[in-house]
Amino acid sequence: MKNVEILGVRVHATTMPEALERIAAFVAAGPSHQIVTVNPEFVMTARRNLAFRQVLNQADLSLPDGIGLVWAARLLHGRGALPERVAGVDVVERLAEVGARRGWRLYLLGAAEGVAARAAQALTRRYPGLAVVGTCAGSPTEAEAAGLIARVRAAQPDILLVAYGAPAQDLWIARHRHELQVPVAMGVGGAFDFIAGVTRRAPRWMQKAGLEWLHRLIQQPWRWRRMTALPRFAALVIWQRLSRSSPPISPAEADHA
C-alpha cells in the first residue's frame, strides 16, 4: 500500500473501504497484525519517543486519523497524497458492522472500568449478530500483562481493540502481539468513550470542517496542553516543506515530553 512520510512518521494512503479490505485480509491470514491510528499528536510524540516512532513505522496498517495529516500530506507530497481522513472510532464502527456479517469475534480492552462493556452493548445493539467475546479494563502495566494475555487468548478473538491511549496502547500491542495470537490488534484511543456515550462526538459538520479537535477541547478543557502540539506540528510541516528534509528534534520539543 502506498504511504507518505510526515515528520519522520509513515502513514498509509488509504480510504475507509481500502482499510476495511486490508483488515479483512489480515483476519483471513491469521496472527499477528498491528494497526495504528496516527494523528498530529502521535507524530509529535513520536519525534521524542523513538520506541513509539518505530512502532508506528513498522505497523502493518497506519491510518491517517486526523485532518491535520491530510493537510500536511498535501503540502509535503501534493494533492491527494492522503485521500481522506480515516478516523479510528469510525473504523471501530465499520469493523462491528462488517464483523456482524462475516462472523468476526471482537474483544474490547481498556478505557475506564465498565466503559468497554457499555461500548460492547452499544455495538451489539446496533449490529445484531456481532460477537463481542470479551471486555476488560485492565491497564498497560507489565504487572497485568500475563493475565490480560491469557484472557484474550482464551476468548480467541479475530480483532482486539485496545483503548489505553497513545503511546501506551500501541507500545503494549507491539510488545505482546505475538503472545496474544490475535489476527488484528488495533489501538483505538477514546473510541470506547464515544461509542458508550461517555463522551459526545462532534456534530457531523464539525467533523467535515476538520474541527473535531475543537469540540473535544470544549468538552475536555484539560486537553489544552496536548493541543499545543498542533501549532508546533503545523510549523514543523512548513519547515519540512521549505527545507525538503525532516526537521531535527529541538531542545524545546524535548521540554514538552
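The values are calculated or read from the model by the stated rules, or taken from the named source; none is laboratory data. What you see is a predicted model, and the numbers here were worked out from it, not measured in a lab. Quick reminder, even Gly has a Cβ in these numbers, built from the backbone with ideal geometry, and neighbours come from all protein chains shown.
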- Item | Test set (1) touching a helix residue (DSSP H, G or I) at 6+ places or on another chain (Cβ under 7 Å); (2) within 26 Å of residue 244 (Cα to Cα); (3) at pLDDT 95 or above - residue 74 fails condition number | (1)
- Which pairs do you get when a residue that is under 17 Å from residue 27 (Cα atoms), found in the stretch 144-156, comes within reach of a residue that is of a type in the set (S, T, N, Q), reach meaning Cβ atoms under 8 angstrom, with the pair 6+ apart or on two chains? 153/181
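Within the stretch 45-60, does at least one residue satisfy the condition of being in contact with a helix residue (DSSP H, G or I) (Cβ under 7 Å, 6 or more places away or on another chain), of a type outside the set (Lys, Arg) and under 22 Å from residue 157 (Cβ atoms)?
Step one: list which residues in the stretch 45-60 are in contact with a helix residue (DSSP H, G or I) (Cβ under 7 Å, 6 or more places away or on another chain), which gives 45-48, 51-53, 55-56, 60.
From the residues that got through so far, the ones that are of a type outside the set (Lys, Arg) too are 45-46, 51-52, 55-56, 60.
Filter once more, keeping what is under 22 Å from residue 157 (Cβ atoms): 55, 60.
Yes, the stretch 45-60 contains a residue that is in contact with a helix residue (DSSP H, G or I) (Cβ under 7 Å, 6 or more places away or on another chain), of a type outside the set (Lys, Arg) and under 22 Å from residue 157 (Cβ atoms).
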- Selection within the stretch 161-179 - buried (at least 23 other Cβ atoms within 10 Å of the Cβ) and either of a type in the set (A, V, I, L, M, F, W, C) or out of contact with any helix residue (DSSP H, G or I) (no Cβ under 8 Å at 6 or more places or on another chain) (or both): 161, 162, 163, 169, 172, 173
- State which residue pairs qualify: first residue closer than 15 Å to residue 61 by Cβ and inside the stretch 85-98, second residue assigned to a helix (DSSP H, G or I) and of a type in the set (Asp, Glu) in any location, beta carbons under 9 Å apart, and separation of 6 or more residues or different chains. 86/18; 87/212
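Just checking, how many residues over the stretch 31-84 are in a helix (DSSP H, G or I) and β-branched (Val, Ile, Thr)? Break it down stepwise before answering.
Just the residues of the stretch 31-84 that are in a helix (DSSP H, G or I), to begin with: 40-48, 50-58, 67-77.
Adding the requirement that they be β-branched (Val, Ile, Thr) leaves 43, 45, 55, 67, 70.
The total comes to 5.
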- Message: I'd like the full set of residues that are buried (at least 19 other Cβ atoms within 10 Å of the Cβ) and more than 19 Å from the chain's Cα centre (by Cα), limited to the stretch 132-143.
- Response: 132, 134
- Just give me the residues in the stretch 104-124 being surrounded by fewer than 18 Cβ atoms within 10 Å (Cβ to Cβ) and more than 15 Å from residue 192 (Cβ to Cβ), in sequence order. none
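For (1) at pLDDT 95 or above; (2) of a type in the set (Lys, Arg), each residue gets a yes or a no:
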{"site": "144", "(1), (2)": "yes, no"}
{"site": "148", "(1), (2)": "yes, no"}
{"site": "212", "(1), (2)": "no, no"}
{"site": "215", "(1), (2)": "no, no"}
{"site": "225", "(1), (2)": "no, yes"}
{"site": "240", "(1), (2)": "no, no"}
- Looking only at the stretch 74-106, which residues are aliphatic (A, V, I, L, M), closer than 26 Å to residue 237 by Cα and over 18 Å from the mean Cα position of the chain (by Cα)? 75, 76, 81
